[in-house]
Amino acid sequence: MARIVGGIGTSHIPAIGIAMAKQQCAEPYWRDFFQAYWPVRRWLNEVRPTVAVVIYNDHGLNFFLDKMPAFAIGAAANYRNADEGWGLPTLAPFQGDPAFSWHVIEALAAADFDLTTCQEMLVDHGFVVPMQLLWPDANSWPVRTIPIHVNTVQHPLPSPRRCLSFGEVLGHAIESWAANERVVVLGTGGLSHQLDGRRAGFINKPFDLFCMEKIVDEPEILAGYTIRELVRLAGTQGPELIQWLVMRGALGGGVRKLEGNYQVPISNTGSGLLLLEKAA
Ligand code: DHB
Ligand code: FE
């Protein structure tokens, strides 16, 4: 059977991809940020996941404001990436696993989560930047992927509680797949940031650290916030935290924190990294 080997929460800031492309990772601005990823890369090297389920939000590449599903999932044999305006280089396509995707879709639908199913799907920086951060040798992705988009762009957004529940069902869906896969679940985005409007540049470090602590053992506390409260506390793009809540839900009851890091600011964002393992 498929087994979830762990979950990773990480920011997906486009500037990270630019820094990697320009080989600036050792520069003072970036050094501590990139160093924090080494233990996670080592863990991935040991655990060797075969599939990555990547929870992220599309920012206007595959979906636009005219058509924006709350939850969408890829069921394609491969996923191409493209830059929606940040200047990011295009990386090698990502291999999919359509049979696994359809199993997840069936299981989620049976539990009343009806997703938009995508047999073609372009993936943007929300997906690509974390993949590149975790597997920097970007021309030989060692995992098959299942992209899952959760809307944080066009209001109304799914509530944090809905996302935690979605994750719980997703976890059962993954672990009821008959193939012998080791699955890592990524939740990408956040933490606090606001890219435009009167509070542009807003970051809330105490709230980010609170979220990184609570998501480990008390994700219910975060599920109790409304989207409006998250916008107030973490900025207009702060609700990307719901991607982390899906990841956390998928891990189920008890987890162990293996790594955690927070850097502020990275570009416009309070940048978080968290590696969780299911408790034995
Ligand atoms: C930034 C952060 C994001 O999550 C994003 O999608 C785009 C930009 C930033 O901090 O610049
Ligand atoms: Fe984003």
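Here are some notes:
- For Asp32, the test of being modelled with pLDDT under 95 and either under 26 Å from Gly270 (Cα atoms) or buried (at least 21 other Cβ atoms within 10 Å of the Cβ) (or both) is failed.
- Residue list for region 139-150, restricted to those being over 19 Å from Gly85 (Cβ atoms) and open to solvent by less than 10 Å² (accessible area, probe 1.4 Å): Val143, Thr145, Ile146, Pro147, Ile148, Val150
- Pairs are defined by a Cβ separation below 7 Å, a sequence spacing of at least 6 or placement on different chains, a first member in region 192-204 that is among the basic types (Lys, Arg) and open to solvent by 80 Å² or more (accessible area, probe 1.4 Å), and a second member that is within 11 Å of ligand 1 (Cβ to nearest atom) and in a loop (DSSP other than H, G, I, E, B); the pairs so defined are Arg199/Gly235.
- Given (1) open to solvent by 50 Å² or more (accessible area, probe 1.4 Å); (2) touching a Cys at 6+ places or on another chain (Cβ under 8 Å), number of the condition Asp83 does not satisfy: (2)
- Among the residues of region 47-77, the one identified as touching a residue at least 40 places away in the same chain (Cβ under 8 Å), open to solvent by 40 Å² or more (accessible area, probe 1.4 Å) and of a type in the set (D, E, K, R) is Arg48.
- Looking only at residues in region 99-110 that are open to solvent by less than 50 Å² (accessible area, probe 1.4 Å) and without any contact (Cβ under 8 Å) to a residue 60 or more places away in the chain, the one that is farthest from Ile146 (Cα to Cα) is Ala109.
- Of all residues in region 4-24 being within 11 Å of ligand 1 (Cβ to nearest atom) and of a type in the set (A, V, I, L, M, F, W, C), the one that is nearest to Leu191 (Cα to Cα): Ile13
- Being small (Gly, Ala, Ser) and part of a helix (DSSP H, G or I) is a condition met by no residue of region 201-217.
- Qualifying residue in region 67-85 (condition: touching a His at 6+ places or on another chain (Cβ under 7 Å) and farther than 30 Å from Met1 by Cβ): yes
- Gln154 under 23 Å from Ile13 (Cα atoms), under 17 Å from the mean Cα position of the chain (by Cα) and open to solvent by 10 Å² or more (accessible area, probe 1.4 Å): no
The values are calculated or read from the model by the stated rules, or taken from the named source; none is laboratory data. Source: prediction; values computed, not measured. Glycine also receives a Cβ, built like all others from the backbone with ideal geometry; neighbour counts cover every protein chain displayed. Heavy atoms of the whole protein, side chains included, go into the accessibility calculation; ligands, DNA and RNA do not. Shrake-Rupley method; radii C 1.70, N 1.55, O 1.52, S 1.80 Å.
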